[in-house]
Structure formats: C-alpha cells, structure tokens
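The values are calculated or read from the model by the stated rules, or taken from the named source; none is laboratory data. Since the model is a prediction, treat every value here as computed from it, not as a measurement. With ideal geometry, Cβ positions are generated from the backbone for all residues, glycine too; neighbour counts draw on all protein chains shown. Ligands, DNA and RNA are excluded from the accessible area calculation, which covers all protein heavy atoms including side chains. Shrake-Rupley method; radii C 1.70, N 1.55, O 1.52, S 1.80 Å.
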Amino acid sequence: MCAAAWLLLLPIQWVAAAITAAAVHELGHLIVLWLYDVEVWKIQIGMTGARIETAPMGERQEIISALAGPLAGLLLCLFWKWIPHVAIWALMQSVFNLLPIYPMDGGRILKALISLRRKRES
C-alpha cells in the first residue's frame, strides 16, 4: 500500500531512483552469495521489499552477505554528481537497512554476531 502511494505521489525520477537503488542493493547481496557459492532458493520482490531465500550460511557468511547490500548502495553515493536522486535514495535505503531490526540487514548482522559470541563463550 505504501509503495503504491509513492508511485502516485513521487515524481517519476524519484520512483526510478528508488527502483535503481533497490536493484543495486539486492545485486550486492547476490554477488556475495555467488562468490560464496551459496545456493539461492528463491527471490521475492514485492511492494514491501525484496527477500532472498538461501541455503543455510555460517555466521561470517551471513554478516558479509548482509553488509553487501548496504555497501553496494553506498557505492552509488560515489556517483552523486551524475545521479543525485539515486545517490540520495541509496544512502537513505542503506542507512535504514542497517538498523538492527530483524529481518533487515542490520538485524541479520546483529543476530549473526550474537550467535558468534555465544559460540565463543561455550
């Protein structure tokens, strides 16, 4: 519902920027998953965002995979001069996704860090 309102209210360049930033974000995750040779079971894209379902990963793989999306988005900020709408959207999306709320990237990172800590304490 919220995304549908954006499509009606935002100028087209902002809608295109949001879609571009989201695509680069997810591509960042997919590149790391490919490099780690992690099997991707399902990719869902909907009005509330995207979700990538994979084979189980270790904590370090989970952390790096979760960081890859926001970092890919932050790389778009390097192109501020040429694509300012995309850079602004990518920055906002990256910061939002790093909030430590599961199942967002920050929540996934926090969960993996807690799991690593528990393993070290045992």
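How big is the accessible area of PHE96 in square angstrom, nearest 10, if you roll a 1.4 angstrom probe over the protein chains?
120 Å²
Leaving out ligands, DNA and RNA but keeping every protein chain, what accessible area does SER115 have, in Å² rounded to the nearest 10, with a 1.4 Å probe?
40 Å²
Which lysines have a Cα less than 30 Å from the Cα of LYS111, not counting those fewer than 8 places away in the same chain?
LYS42, LYS119
At a 1.4 Å probe radius, carbon and sulfur cover how many percent of the accessible area of the chain?
Values: 5760 of 8300 Å².
In the chain, the share of accessible area belonging to carbon and sulfur is 69 percent.
In nanometres, what is the gap between the two model label sites at ILE12 and ILE43, each 7 Å from Cα along Cα-to-Cβ?
A separation of 2.6 nm, rounded to one decimal place.
Which value in nm describes the separation of the simple spin-label points at LEU113 and TYR36, placed 7 Å from the Cα toward the beta carbon?
Modelled inter-label distance: 1.6 nm.
May I ask you to give the solvent-accessible area per residue for the stretch 1-90, in square angstrom, as obtained with a 1.4 angstrom probe? Each step should come with its number before you reach the end.
Values: 5890 Å² over 90 residues.
So the stretch 1-90 comes to 65 Å² accessible per residue, rounded to a whole number.
Sorted by accessible area with a 1.4 angstrom probe, largest first, how do LYS42, LYS119 fall? Provide the component values of the computation, followed by the final result.
Values: LYS42 95, LYS119 125 Å².
Sorted by accessible area, descending: LYS119, LYS42.
Report, to the nearest 10°, how far helix 12-35 tilts away from the longest principal axis of the Cα atoms in the chain, using its own Cα long axis and a range of 0 to 90°.
In the chain, helix 12-35 runs at an angle near 20 degrees to the longest axis.
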